Amino acid sequence: MCLAIPGKILFIDESVPDLRMARVDFGGVIRNICVEWVEVELNDYILAHAGVALCRIDTEEAERSIRNFEQIINRLDALPVPEKSRVL
């Protein structure tokens, strides 16, 4: 199973014929993603797997997903950290 986090396209590089690449921001983690087979523009949101864009997603849907992920992270950060168990 794969968890897809929306990424925002920051830059599109078309310098290599037939290999359109983009710099994509996944919550502060910037990755190079192949966008050759997905119709995208600057500031679009995408879902990607293994360095390849799978689809473009609606901005509102992407921002809602990002907020949900942030809420999950905040709730996890608020949980008490269990003590390490002793190994005998």
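So here's what we get for this one:
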read-out	value
Highest-MSF residue in the chain out of I33, I73, I12 [GNM, Cα springs under 10 Å]	I73
Tilt relative to the chain, helix 59-78 - C-alpha long axis, 0 to 90 degrees, to 10	20
Whether the chain is rounded, prolate or oblate, judged on the alpha carbon gyration tensor where a/c under 1.5 counts as rounded	prolate
FRET efficiency estimate (nearest 0.05) - Cβ-Cβ, R64 to D13, R0 30 angstrom	0.55
Local electrostatic count, G7, Cβ distance below 11 Å [Lys/Arg +1, Asp/Glu -1]	+2
Mean separation of Cα contacts under 8 Å (6+ apart) over length of the stretch 25-88, as relative contact order %	22
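The numbers here are math on the coordinates, done by the rules we state, and not lab data. Since the model is a prediction, treat every value here as computed from it, not as a measurement. Counting neighbours? That spans all protein chains shown, and the Cβs are built from the backbone with ideal geometry, glycine included.
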